[in-house]
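The structure appears below as structure tokens.
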Amino acid sequence: MKQMKRKLLLALMACVSLLAVAQTGDTHYDRKNMLTFVKDGMFFTILNFDTSSKSGTVEFGGYAAVNDSTAAKEGAKNHSGIVDIPETVTSPVYSGVNHDHYEYDATYTVTAIRGDLFRFNKKITEVKLPKSLKLIEARVFDGCTSLTTVTFKDGVANSKLERIESHAFLDCSALTAIDIPSTVKYLGDPDFSSREGGVFEGCATLTEVTVPANITVIPNFTFKNCKNLEKVHYTGQVTHFGAHVYFGCQKIKWEDVVPTTITYMDNEVFMNSNLSSVDFNRIPDLKRIGNGVFWNTQLTTVQWPAALTEVPYNTFRDCKKLTSISGLPSQAGSWDNVTKIGHDAFNQCYALQTITLPTALKTIDDGAFRSCTSLATVNYVQGLKTIGNHAFANTPAIKKFFFLGSVKTLGDFAFQGSGLTCVHLKGDMTIGIYAFENCQALKYVEIPKGVSVIPTGFVKGATSLRFITIGEDVNTIHGDALANCTRLKYVYMLPSTPPAVQDGEGASTSLSDVDGKDADHAGVKVMYYVKSSALANYKDAAGWSVAADRIKDEIPVKMSSIEYAAISRDFPIDFKDATKPVEAYVGPSTYWVDNSRGHIKLLRMNKVDAVPRLTGVILKGTPGQTYTMKIYDDKSTLFDGAAANYIKDVKEDTTMVTVEHDNKAKYGLMADKMLHLLNDNSNYVGGTSYVEAENDIDQSSQAKIMLFFNDDVVAGIDEVGTMDDDYAVADDAYYTLTGVRLEKADRPGVYIHRGRKVIVR
């Protein structure tokens, strides 16, 4: 009976011991209530005891002369040199109330090393492990900066090790190599949502690791800051990388550390590493990546896989050498499948100059291309709906961004500090505050129909802005919308009802904030142009009184040193009511003629009384004279042949390209009263116009077009004498009334043929 009670007591104590292990989780700090003993100066905790075999398992718990866990831990932290853990130990089994009666010797197998045991010990240099060991608990060797070697005394092939817990070798900066037994099933915490992991994090001299076949998940931080790591051999089917797995690794290459079986990469896997190339073709089963996977790496080019339809936030942030991203040629769709570019995805990609956005793209999130200081060209197709806050902020190289009409939301500070020279918004959209603040190269802005509110700080600080057109649906202009636009001179107000004008940050209105605020432009007063029918409403409207004397319903145009001027304006213009007589012409066609000047091209001109807004015209008047013309109210087409007008408007200052992709050539009006072929990079000022014609003549500085005015008719001419009849008969050409020789008269008009007036209808 007494023997039975003793066996029950031992079994019960062993169960209590096991229960304590289960309740403390992966790291165990205080086991005072467990069965413990000291053998050869080493401290052990009994994990299991079998009374029938008089054997059990223990955990190695440090060095102590007395049976005390605190002393054992202190002994471990002060130990130096080699840690040699035995495979088995023997210890007497005691009984009695005070454990003072020796019963028999028991043999224990060492199966675990207590967590946190050697943490921050900077004296140990080598660890020898028994083949019986199954568990290395969390942070056992954390911070052991002198540890260089970890060996299995009976060979790695005989080891029974199953699990190495979180941060077991964290910051073992002198550890150069380690063999992981093939029996190991877990490195760190297998729970993929856990923040634990980092078994080899900070092992700065570790160069090569072989991962056993049982492991399918590489937990968070496993190789973080292993700065000399070059190769990781994956012998099994690893499908998941946890967060920060290769964070800060300076010598890794994609093909040496990424298994072909990967399906998911968690956040910031390669962040701050020197990874210089990626090959998504090598991981055909990839389905998802987390945020910031390539943040601050050395990537230069990337080919995107078809399976990833979103670029998560911070994906390429601070990739300062990245120059291009495109789809994988081997995968149909690939880059074009992407529907969203996450916030800060390309933030501070300083080398990125051009990007063609995916055709399926709907959203550019906050800061996506912020501070891409070399980004000059952004191409996209209809379908983009949202441009987030700061999406293109601080992008001084961007000169043009074409809003295609699908964008419905333009975020706060979206293009703040960009290099845009003109902004043509299209369609109905919501515009965020300070969307174009401090765009100091901006010279022209157009607010489209469908936009009702101009937000606070809209173009604040656009110090080069001269023209802005306010769309007809705008009903509110918020404070500081036009503040510190020190060169602003012309504001074209299309709304028939004056918009409400809100106070700015300094309790001054949007209108008064723009009047000559810097020394270079002191006294410059902004002119507000409105339709004639709305003039009285504007002058009387609340908030507009500060500018009442500068609200006009007519537009002045000054002729240059010749009698011709090529212009366009943001309003329909009525030339009949000009303060002084002026003639306006459009150009429906060009054609070739031969005359005394040789083979030359003519621009046929038709006189018009009025034109719609943004229509190129050529004015004919007195050199140096200023003409004031009425703003027209009618929005309909005001003349026939508008679509065929060869005279194209220049909305804002722009750099011309002589021949565009449509094979059209550009001609500008010069002082000799002819249109000359423009050179590439010719600068044209907003509000002017040029002639666009087919590129069918010599592309040289001598290429010219003459103006031919169809209304140059001298009434009453019945006959014109010639030098002699022989010449008249021999010369079968037609002449215009201005003396231009034609091979044939194939246009309606009045001509001279063989000395007589001919009317061609």
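In the neighborhood of Gln303, defined by Cβ-to-Cβ distances under 14 Å, what is the net charge if each Lys or Arg adds +1 and each Asp or Glu adds -1?
-1
Given contacts defined as C-alpha pairs under 8 Å and at least six residues apart, what's the relative contact order of segment 389-459, whole-number percent?
Result for segment 389-459 is 31 percent.
Just to confirm a number: summing +1 for Lys and Arg and -1 for Asp and Glu over residues other than Asp116 whose beta-carbon lies under 9 angstrom from that of Asp116, what do you get?
+2
If we count every other residue with Cβ under 12 angstrom of Val407's Cβ, Lys/Arg +1 and Asp/Glu -1, where does the sum land?
That sum, taken over residues with Cβ under 12 Å, equals +3.
Could you sort 389-400, 613-624, 451-462 so that the peptide with the highest average Cβ count within 10 Å comes first and the rest follow in order?
Details: 389-400: 21.6, 613-624: 18.5, 451-462: 23.3.
Those peptides, ordered most packed to least, come out 451-462, 389-400, 613-624.
Rounded if a/c is under 1.5, else prolate if a/b is larger than b/c, else oblate: which is segment 86-238, with a ≥ b ≥ c the root eigenvalues of its Cα gyration tensor?
Working: a/c = 2.06, a/b = 1.83, b/c = 1.13.
Here segment 86-238 falls in the prolate category.
In Å², and per residue, what accessible area does segment 312-352 have when probed at 1.4 Å with the other protein chains present?
Value for segment 312-352: 36 Å² per residue.
Going by a ≥ b ≥ c, the root eigenvalues of the Cα gyration tensor, does segment 377-470 fall in the rounded group (a/c under 1.5), the prolate group (a/b larger than b/c) or the oblate group?
Rounded, because the longest to shortest axis ratio a/c is under 1.5.
Report the full-extension gain for the segment Gln250 to Arg550: residue separation times 0.36 nm, less the Cα-Cα distance, to one decimal in nm.
101.6 nm
Among the lysines, which have Cα under 21 Å from the Cα of Lys607 when same-chain residues fewer than 8 positions away are ignored?
Lys558, Lys576, Lys580, Lys620, Lys630, Lys635, Lys648, Lys673
Could you sort 295-306, 673-684 so that the peptide with the highest average Cβ count within 10 Å comes first and the rest follow in order?
Final packing ranking: 295-306, 673-684.
Which FRET efficiency value, to the nearest 0.05, do you get for Lys757 and Lys400 by plugging their Cβ-Cβ distance into 1/(1 + (r/R0)^6) with R0 = 45 Å?
Efficiency for this residue pair is about 0.30.
Please calculate how many Å² of accessible area segment 41-184 carries per residue, with a 1.4 Å probe and no DNA, RNA or ligand atoms counted.
Value for segment 41-184: 40 Å² per residue.
Going by the alpha-carbon gyration tensor, a ≥ b ≥ c the square roots of its eigenvalues, is segment 164-279 rounded (a/c under 1.5) or, if a/c is not under 1.5, prolate (a/b greater than b/c) versus oblate?
rounded
Any chance you could look up the accessible area of Glu255 with a 1.4 Å probe, heavy atoms only, rounded to 10 Å²?
Surface open to solvent at Glu255 totals about 100 Å².
Using mean Cβ contacts within 10 Å as the protection proxy, how do 120-133, 474-487 order, highest first?
Values: 120-133: 18.1, 474-487: 21.8.
Packing order, densest peptide first, comes out as 474-487, 120-133.
Quick one: Cα centre-to-centre distance for segment 267-291 and segment 307-372, in angstrom?
Each part's Cα centre sits 14 Å from the other's.
The values are calculated or read from the model by the stated rules, or taken from the named source; none is laboratory data. Remember, it's a predicted structure, so these values are computed and weren't measured experimentally. Cβ: placed from backbone, ideal geometry, glycine included. Neighbour counts: every protein chain shown. These area figures cover heavy atoms from the full protein model, side chains too; ligands, DNA and RNA do not enter into them. Shrake-Rupley method; radii C 1.70, N 1.55, O 1.52, S 1.80 Å.
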